[in-house]
1. Counting only residues that are open to solvent by 10 Å² or more (accessible area, probe 1.4 Å), at pLDDT 95 or above and in contact with an Asp or Glu (Cβ under 9 Å, 6 or more places away or on another chain), how many does region 130-153 have?
2. Take the residues in region 38-65 that are among the aliphatic types (A, V, I, L, M) and modelled with pLDDT of 95 or more; name whichever of them is farthest from Tyr114 (Cα to Cα).
3. Identify all residues within region 99-129 that are surrounded by fewer than 20 Cβ atoms within 10 Å (Cβ to Cβ) and among the small types (Gly, Ala, Ser); write none if there are none.
4. Hey, can you tell me all the residues within region 467-521 that are of a type in the set (Ser, Thr, Tyr) and open to solvent by 40 Å² or more (accessible area, probe 1.4 Å)?
5. So the check is Cβ under 6 Å with 6+ separation or different chains; which pairs have a first residue in region 187-207 that's farther than 13 Å from Lys505 by Cβ and a second one that's part of a loop (DSSP other than H, G, I, E, B)?
6. Within region 152-165, count every residue that is over 22 Å from Asp27 (Cα atoms) and touching a residue at least 60 places away in the same chain (Cβ under 8 Å).
7. Limited to region 69-105, what total is found for residues that are outside any loop (DSSP other than H, G, I, E, B), among the small types (Gly, Ala, Ser) and modelled with pLDDT of 95 or more?
8. Taking region 354-387 as the region of interest, how many residues are open to solvent by less than 10 Å² (accessible area, probe 1.4 Å) and among the hydrophobic types (A, V, I, L, M, F, W, C)?
Amino acid sequence: MNRILWMLAAAFVIADVSPASALELGDSVGPVNLAALSGERIVMNNYGERPATAVLFLSSRCDATARAIADINQIYRKIRLRNALIVGVSSQAAESGDELRAFAQRSGVIFPVYRDPGGAVARQFGARVTPELFLLDRRGALVFHGGLHDDEARQAFAAAVGNLLARQPVERAGPAAQGTPIDEPAAKRELEDPYGTVFFASELVFEKIPTAAAHHCSTICQAANNDLLCLWYGGSYESADDQALFLSRRKPQDKNWSQPQALVQNAAQPPGNGVIFRHASDRIYIVWARMEGTRPMRRGSGWNHCRLMVRTSTDHGTTWSEDRVLLDETLWCVPRNPPIKLASGKLLLPVEGSLDEVDGSHFLTLEPDGSWRRAGFTRGGSQPAVVQRANGSLLAYLRHSRFITKIESRDDGQTWNQAEPTALKNPNAGITMTRLAGGHLVLVFNDSQTSRTPLCIARSLDEGQTWEKPLHLESNPGEYSYPCIIQSSDARMHITYTYRRYAIKHVELNEDWLVHFERPD
């Protein structure tokens with residue numbers, strides 16, 4: 001018996017959405033009973049509050065409806081400030097409120113949408129398909145009826161509502177409505193959200209360290225346990241005897257960084273720039289420049305006498321190995337950007353240095369056997385940021401006065417072409433770049449030829465051939481420099497940088513933040 005009753009009820013609902021005779025031009029529609037997407041009932045009968053009300057029968061399952069939304073929104077933006085209203089109505093019982101809400105939000109609908117699950121409103125208007133539109137005047141009388149299935153139909157509606165608002169004669173009928181029959185609902189569709197979900201957060205890694213006044217040159221990595229590790233140097237001033245390498249940690253789901261820990265400190269040979277990164281077997285590496293020039297020395301000097309040192313950790317940066325020289329040969333170098341893992345399995349580390357008394361940049365490789373070797377050298381700039389393209393070639397951007405320079409390699413960094421300037425500005429300050437999991441490149445740099453502000457981020461969709469307009473991370477007076485960027489396992493980007501030399505700042509964002517600037521409203 002229950003099965004029979006259910007079948008009869010279903011048949012009644014299907015029959016109930018079939019339209020009756022159409023509303024005639026000039027007829028008043030009267031009160032309209034609608035259901036909000038959340039289920040509450042409302043009665044629409046306030047036509048006199050506005051000069052025009054357009055009732056649009058639509059369906060989240062209708063391709064013609066989906067194609068018409070952008071044009072309808074465009075029309076609505078022009079007429080809503082003149083107090084006109086578009087009201088969407090779904091008369092398909094199969095469409096739930098949640099399904100319609102998701103469709104409206106992901107399609108950018110900016111007018112109210114209601115349900116008519118029993119089909120009473122469709123019968124009241126005589127609607128037969130989606131999308132189908134009925135334009136009413138202040139009396140609730142029908143002055144225009146047509147479709148929205150093609151450009152001609154949409155232009156006819158735009159002209160009709162424009163004339164109604166201007167109190168001009170309305171072309172009373174448009175092209176006949178074509179689309180999906182209301183009583184033949186299509187299958188449910190899963191729609192992607194083109195507006196994404198914007199995420200952005202930032203905080204200082206620390207506020208103050210009693211023993212260190214000035215801080216600079218941070219890098220960041222994600223350990224295998226998902227902790228974020230941030231490394232930088234700080235001291236009384238750049239290259240001071242009391243300069244130390246500091247490490248701070250942020251655990252997953254925690255917005256607070258740990259109290260900075262001084263890892264390396266030696267008044268006779270203080271540490272300079274360092275990089276922290278994770279490599280094979282989830283081992284954490286720190287490579288840094290040990291300043292070996294004679295002391296005392298003036299502020300900011302000593303960078304041309306730095307030896308590369310390395311230490312490792314097998315417990316996510318909790319304890320560390322003994323320090324050792326990175327290369328047995330004498331090679332005065334300073335790291336800036338973390339290495340990248342090549343498709344060949346090697347690790348490629350870019351470092352600033354010189355060759356035959358010519359300033360430039362070296363590239364070092366960590367071989368599968370654990371040994372470090374020298375690869376290529378370039379005279380085209382310093383502190384390279386390097387990525388590997390989909391075709392296997394390497395692209396490196398370099399710090400340079402006035403404009404960032406770029407070089408390319410097709411043999412895993414053993415040789416590089418001659419550097420050439422890009423259109424990207426640079427005040428001779430550090431830059432950073434990474435390749436996202438989806439293939440896009442992201443660059444963080446000072447978009448200025450003279451100042452370390454603003455600090456900007458830009459994205460490339462074509463492997464660095466062109467770049468989108470840079471977005472500001474910082475634009476206030478002060479120094480915001482030496483950024484480092486990584487992408488964590490949850491696809492978010494993490495950027496650390498010098499914050500006015502007082503502290504290190506951390507910014508966390510997703511790729512949608514680079515793309516979506518305003519939701520439809």
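1. Adding up the residues that qualify gives 3.
2. We begin by selecting, within region 38-65, every residue among the aliphatic types (A, V, I, L, M); these are 42-44, 52, 54-56, 58, 64.
Keeping just the survivors that are modelled with pLDDT of 95 or more gives 42-44, 52, 54-56, 58.
Details: Ile42: 9, Val43: 11, Met44: 11, Ala52: 18, Ala54: 13, Val55: 10, Leu56: 10, Leu58: 10 Å.
If we take residues in region 38-65 being among the aliphatic types (A, V, I, L, M) and modelled with pLDDT of 95 or more, then Ala52 is farthest from Tyr114 (Cα to Cα).
3. Across region 99-129, the qualifying residues are Ala102, Gly108, Gly118, Ala120, Gly126.
4. Going residue by residue through region 467-521, those that are of a type in the set (Ser, Thr, Tyr) are 475, 480-482, 488-489, 496-499, 502.
Listed by number, the residues that qualify are Ser475, Ser489, Tyr499, Tyr502.
5. These pairs meet every condition: Arg189/Arg61; Tyr195/His516; Tyr195/Arg519; Gly196/His516; Val198/His516; Phe199/Asn510.
6. Residues meeting the conditions: 1.
7. Kept after step one, since they are outside any loop (DSSP other than H, G, I, E, B), are these residues of region 69-105: 69-82, 85-90, 97-105.
Narrowing further to those that are among the small types (Gly, Ala, Ser): 70, 88, 90, 97, 102, 104.
The next check asks that each one be modelled with pLDDT of 95 or more; those that pass are 88, 90, 97, 102, 104.
Qualifying residue count for the region: 5.
8. 6
The values are calculated or read from the model by the stated rules, or taken from the named source; none is laboratory data. What you see is a predicted model; the values in this text were computed from it and never measured. Cβ: placed from backbone, ideal geometry, glycine included. Neighbour counts: every protein chain shown. The accessibility values were calculated without ligands, DNA or RNA, using every heavy atom of the protein model including side chains. Shrake-Rupley method; radii C 1.70, N 1.55, O 1.52, S 1.80 Å.
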